[in-house]
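Step one of this worksheet: look at the structure below.
Read the figures in this text as sums done on the coordinates, not as results from a lab. Please read these numbers as outputs of a predicted model, since none were measured by experiment. Reconstructed Cβ throughout: ideal geometry from the backbone, glycine too, with neighbour counts over all protein chains shown.
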Amino acid sequence: MSVHEPEMSLLQNFGQLGIQRKSPKNRFPLLKLPKVVLLECIENLDVLEIILLTLLSKRAKTIAKLIRWNPLDIRLTTDSRPQIELGTPINPCNRWFIKYDKKQESSRNLYFLSRQLGPEVFRSLLLKLDGNVIEEFKKMVEHICEVLRSPISDIRISDKSLIDWIINFQPTIRYVSIDDKVITTSEKLNHVLKNLKVTEYFRLGSIPSYTTFEYTKPIPSRSIIINDASWLSLLAILDGNNSIIRLIGSKLTPTDINTILKEWQMGTKLQNLEYLEFTTATLLDSDQWRRRVFNDLNRTEGDENHGRPTTVKIHDEYTYTLPWAHLVGNLIRGDGTIGTIGMYEEWKHDKMNLRQLRFYLQVWSRQA
Amino acid sequence: MSSTEQGTSSAAPAEPTTAPESAAAPEVPESFYYVHGKDKVVHKVSAGALQHSALIHGMISNLGYTEEQAKANPFPFENIDGDILQMVVDWCNQHKGKPTPPEDTNLPKQKEKLFDLVLAVNYLEIKELLTYCCKQVAMMVKGKSPEEIREIWMIPTDAEDEAAEKEAKKRAGKEAAGETAAAAGDAK
């Protein structure tokens, strides 16, 4: 496969081959300009125009790549209408979108939309395509990353085929969110955990329950949020350096939680922890469960929570409001840091007589 | 705004009319220089206006002309069309000693003219005008589809680029062969 095949494919989708030429008087032979001037002209283009220009030919792409572009923030979502969102920290009021859709009969292949909300300007390029939209989307992302020399910062994965693609294309990424049921086998889950390094925020949607699969290595991301977290072991949590941990459907036992709390209080593990929350199912009643969790723990009770924040920062753009819970005590670490424990029995499972419990540990410090 | 008259490339151009001066005349009389393009029309331009052009400014500094010498020796820019040079001179006069505004709406709308203007401005090293021109060039494709961008900017397809490259290589080969044959002929 030629390295330029993706561009050719995109061009064919735009129906650009074999165009009718206008009179030369109405045209401007851009590529005949001296190189310095040519580059200055291209630098004045809007992000979407740069992308379209560089899809037109290898030469146009090579020239545009000579420019040192300001780094872009590239965010991808891939649900029913895949979308590439581009932004720049230098001008946060401007955002650009490339949105994909299936082509309807007689609809145009491509059109622009522009919207202004106060100081914010949103420009969108809508592409209506035949065939495999996800494949076209991937080619476009690769093209943008190459031309504008920017990495993907955030991806929400709703399509299985994107998992191997992102692992091959950019295995280290700041924000990843994998939707429910995208990962369907323990092999794939293991592959993702071993090969995709998520540095800031990693959300894993629900997956089929794996009674035999257990993952014992830490997940190196500042925040982890996992649905169906039955496969994540105590060791993976204790050896990790996570700040935010939210586990839904965890199989941690009260003894495991007791270990976590003790290690945290001693300051030997989970030193960066800011918030730990999980829901778990248990046959124990809440008093039994609580006794095991707090066994041998130096816990204080009372109204010592003045000044405790009611939110935690999951990542730069996501602040989470703590759920309602009974506050069942504080742990105080040697350095004065407080760990407030909240618990809530959510509902009772009729068939198995399982109790669904929500538990959290919020780490905070009293302001001087 | 400068006025012009048809001149020749001779050392003694006809007396051109001067550009209007501001009401508050400077204490030191301003010096003037003369330029002409491909059409030989001589433009009288003040040194202040010509400061926009790094090329001409450098020439003036290096030559140290007196006004008489300058009049007798207009700077020849044979590679610039007369109407384009007129535009450049007008712009320099309009923006003499003034801060340059962020936009300039007086640039030619005709794409062919803008191309020649860009080349001239780049050659004359007029930084601010070049910046305006480049913005204007970028504006041409605002909101255009890829087909339209290709058409407006005459971007060849990869196949066209490859064919042109092949042709250039072929021509270079032929020229090299011709030079070798000529050198061999000379040697004989």
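A few notes on this one:
- Result for chain A in a Gaussian network model with C-alpha springs under 10 Å: among A:Leu327, A:Leu273, A:Leu31, the largest mean-square fluctuation is at A:Leu31.
- For region B:86-188: rounded, prolate or oblate by the Cα gyration tensor [a/c cutoff 1.5]: oblate
- Charge dipole (debye, nearest 20) of chain A; +1 at Cβ of Lys and Arg, -1 at Cβ of Asp and Glu: 1380 debye
- For the protein assembly as shown, the residue among B:Pro29, B:Val121, A:Ser250 whose Cα projects farthest onto the positive side of the dipole built from Cβ charges is A:Ser250.
- Expressed in units of 2.2 N^0.38 Å, where N is the residue count, the Cα radius of gyration of region B:82-134 is 1.03.
- Helices in chain A, meaning DSSP H runs of at least 4 residues, each add -39500 (n - 2.57). Divided by all residues, the mean residue ellipticity at 222 nm is -7500 deg cm²/dmol.
- Its relative contact order, with pairs defined as Cα atoms under 8 Å and 6+ residues apart, puts region A:214-364 at 21 percent.
- Springs join every pair of Cα atoms under 10 Å in this Gaussian network model of chain A, and among A:Tyr318, A:Tyr344, A:Tyr215 the largest mean-square fluctuation is at A:Tyr318.
- Fraction of beta bridges assigned by DSSP in region A:214-364 that are antiparallel (%, nearest 5): 75 percent
- Beta bridges assigned by DSSP with both partners in chain A are antiparallel in approximately 55 percent of cases.
- Radius 10 Å from Cβ of B:His52, net charge of other residues (Lys, Arg +1; Asp, Glu -1): 0
- Calculated diffusion of chain A, Stokes-Einstein form, Kirkwood radius summed over Cα pairs, 37 °C and 0.692 mPa s, µm²/s: 138 µm²/s
- Candidates A:Phe112, A:Phe97, A:Phe294, ranked by Gaussian network fluctuation over chain A, Cα under 10 Å, top entry: A:Phe112
- Using a cutoff of 8 angstrom between alpha carbon atoms and counting only pairs six or more residues apart, the relative contact order for region B:33-87 works out to 57 percent.
- For region A:214-364, the gyration tensor built on C-alpha atoms gives a rounded shape. Its axis ratio a/c (a ≥ b ≥ c) stays under 1.5.
- Here the contact order of region A:106-189, divided by its residue count and restricted to Cα pairs under 8 Å and six or more residues apart, works out to 20 percent.
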